[in-house]
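The values are calculated or read from the model by the stated rules, or taken from the named source; none is laboratory data. A quick note: this is a predicted structure, and the numbers were derived from the prediction, not measured. Cβ coordinates were reconstructed from backbone atoms using ideal geometry, including for glycine residues, and neighbour counts include every protein chain displayed.
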């Protein structure tokens, strides 16, 4: 199995959401992390009700964070940025131009692959750099020893096996009505000891 299947899955998802580009990653959280690293934001706001890994990113990346009490549905902006946590979004042609929309394929999500995510975007230069960042600083399809690596990379790429599972389950996901997620599906993270 080759990484061509990953490119095929990226194209399927990009076409469904109406995004010019898509980058398959190993999780939505890592997709958001890559976008934060790339854009270099020094401060973010995060909803009090979201998945716990998102506020942990501020500590990991040494970014100042404030809580926001957003009453969101389907997706939300990582406050004051153009990065969108769209982990629970599944809607045709819903890509928002000039943003990084990060999807999740975790086991509870509409397209359930056990793990995985994707970054949707419309800027070619950003696509190339973020693709390399997700893939250890290299571009797929060329042995890394034959590349002059110019980008710090992270080991956040999607495996061909996960992408193939995504292709296998894609039609079913398109034809099934998605669950409607809202902010109250998550607890108020401020009440957890780790954030006090």
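Residue check: is residue 89 surrounded by 17 or more Cβ atoms within 10 Å (Cβ to Cβ), at pLDDT 95 or above, farther than 21 Å from residue 47 by Cα and in contact with a strand residue (DSSP E or B) (Cβ under 7 Å, 6 or more places away or on another chain)?
When the stated conditions are applied, residue 89 does not pass them.
Report, ordered by the first and then the second residue, all pairs with beta carbons closer than 9 Å, sequence separation of six or more or different chains, a first member in region 57-68 that is touching a residue at least 60 places away in the same chain (Cβ under 8 Å), and a second member that is assigned to a helix (DSSP H, G or I) and surrounded by fewer than 17 Cβ atoms within 10 Å (Cβ to Cβ).
The qualifying pairs are 67/190; 67/195.
Those residues that are in a loop (DSSP other than H, G, I, E, B) and farther than 16 Å from residue 70 by Cβ, I need them from region 174-196; list them, please.
176, 177, 178, 179, 180, 192, 196
Sort out which residues of region 153-162 are touching a helix residue (DSSP H, G or I) at 6+ places or on another chain (Cβ under 7 Å) and either farther than 23 Å from residue 114 by Cα or not in a helix (DSSP H, G or I) (or both), and write them in order of number.
Passing the criteria: 153, 154, 156, 157, 158.
Those residues that are part of a loop (DSSP other than H, G, I, E, B) and over 15 Å from the mean Cα position of the chain (by Cα), I need them from region 109-145; list them, please.
123, 136, 137, 138, 139, 140, 141, 142, 143 - these are the residues of region 109-145 that are part of a loop (DSSP other than H, G, I, E, B) and over 15 Å from the mean Cα position of the chain (by Cα).
Can you give me the number of residues within region 47-70 that are more than 23 Å from residue 17 (Cα to Cα) and outside any helix (DSSP H, G or I)?
Number satisfying all stated conditions: 13.
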